[in-house]
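**Q** Structure below; questions to follow.
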Amino acid sequence: MKQLVLFFSLFAMISIQASAQKRSSSLANYSTALGVRVNPFLVGFTVKHFIAGPHAIEGIVSTNVSEQQNVTFTGLYEYHWNVFGKKEFLMYAGGGVHVGAYDRFDYYRDDYYRHGDGTYVTAGLDGIFGVEYTFRKIPLVLSADLKPYVNFSGGVHHFGEEIGGISARYTFK
């Protein structure tokens, strides 16, 4: 599973490097950003790319900290706008989908005791709402967000402790 996450991370970085262009019409002062997204329960890799104006897409590959046997791939569309009267601050909101492979014991213990060991794969819907700050002098953007989700099947149907996160990303013009 870790090799799969590494492969997709490397693939994403190569893809972004190949298509990174300067976009003067972007609301943010960067076109692409690569980094990490964490909270006390999850750690992941994130890439955000502005398509045009305030419209961006974001991809997240994450795993839980305790078991590290679970992996989730998330794709999001985000709309950005200025806040606080400063160009560096942006708020964003949007939504998307995810596909995850989860260990039954880690996420849904009742199902583990009924159906036994193993993993299951499920898809679901995600929402996102957050704020980000882009530094002027260094190529770094910091963001904090809430990303509630619901799975179509499996044991995780909640807006639990894993919905919040902070990200630090290296920016490309």
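**Q** For segment 125-132, state whether one or more residues are modelled with pLDDT under 85 and in contact with a Phe, Trp or Tyr (Cβ under 6 Å, 6 or more places away or on another chain).
**A** Scanning segment 125-132, I find no residue that is modelled with pLDDT under 85 and in contact with a Phe, Trp or Tyr (Cβ under 6 Å, 6 or more places away or on another chain), so the answer is no.
**Q** Would you call GLU88 under 15 Å from the mean Cα position of the chain (by Cα) and either modelled with pLDDT under 85 or of a type outside the set (S, T, N, Q) (or both)?
**A** Spelling it out, it is not the case that GLU88 is under 15 Å from the mean Cα position of the chain (by Cα) and either modelled with pLDDT under 85 or of a type outside the set (S, T, N, Q) (or both).
**Q** Still on this model: Within segment 36-57, which residues are farther than 18 Å from PHE172 by Cα, open to solvent by less than 30 Å² (accessible area, probe 1.4 Å) and part of a strand (DSSP E or B)? Show your work before the answer.
**A** Step one: filter segment 36-57 for residues farther than 18 Å from PHE172 by Cα, giving 38-44.
When the remaining residues are screened for being open to solvent by less than 30 Å² (accessible area, probe 1.4 Å), the result is 39, 42, 44.
LEU42, GLY44, listed by residue number.
**Q** Picking from ALA52, ALA20, ALA56, ALA28, which residue would you name as being of a type in the set (A, V, I, L, M, F, W, C) and at pLDDT below 70?
**A** Exactly one of ALA52, ALA20, ALA56, ALA28 is of a type in the set (A, V, I, L, M, F, W, C) and at pLDDT below 70, namely ALA20.
**Q** I'd like the full set of residues that are out of contact with any Leu (no Cβ under 7 Å at 6 or more places or on another chain) and either open to solvent by 30 Å² or more (accessible area, probe 1.4 Å) or over 20 Å from ILE163 (Cβ atoms) (or both), limited to segment 64-80.
**A** Of everything in segment 64-80, those that are out of contact with any Leu (no Cβ under 7 Å at 6 or more places or on another chain) and either open to solvent by 30 Å² or more (accessible area, probe 1.4 Å) or over 20 Å from ILE163 (Cβ atoms) (or both) turn out to be SER66, GLU67, GLN68, GLN69, PHE73, GLY75, TYR77, TYR79.
The values are calculated or read from the model by the stated rules, or taken from the named source; none is laboratory data. Small disclaimer: the values here were computed from a predicted structure and weren't measured. Using ideal geometry, Cβ is built from the backbone for each residue, glycine included, and neighbour counts are taken over all protein chains shown. Surface accessibility is based on the protein's heavy atoms, side chains included, excluding ligands, DNA and RNA. Shrake-Rupley method; radii C 1.70, N 1.55, O 1.52, S 1.80 Å.
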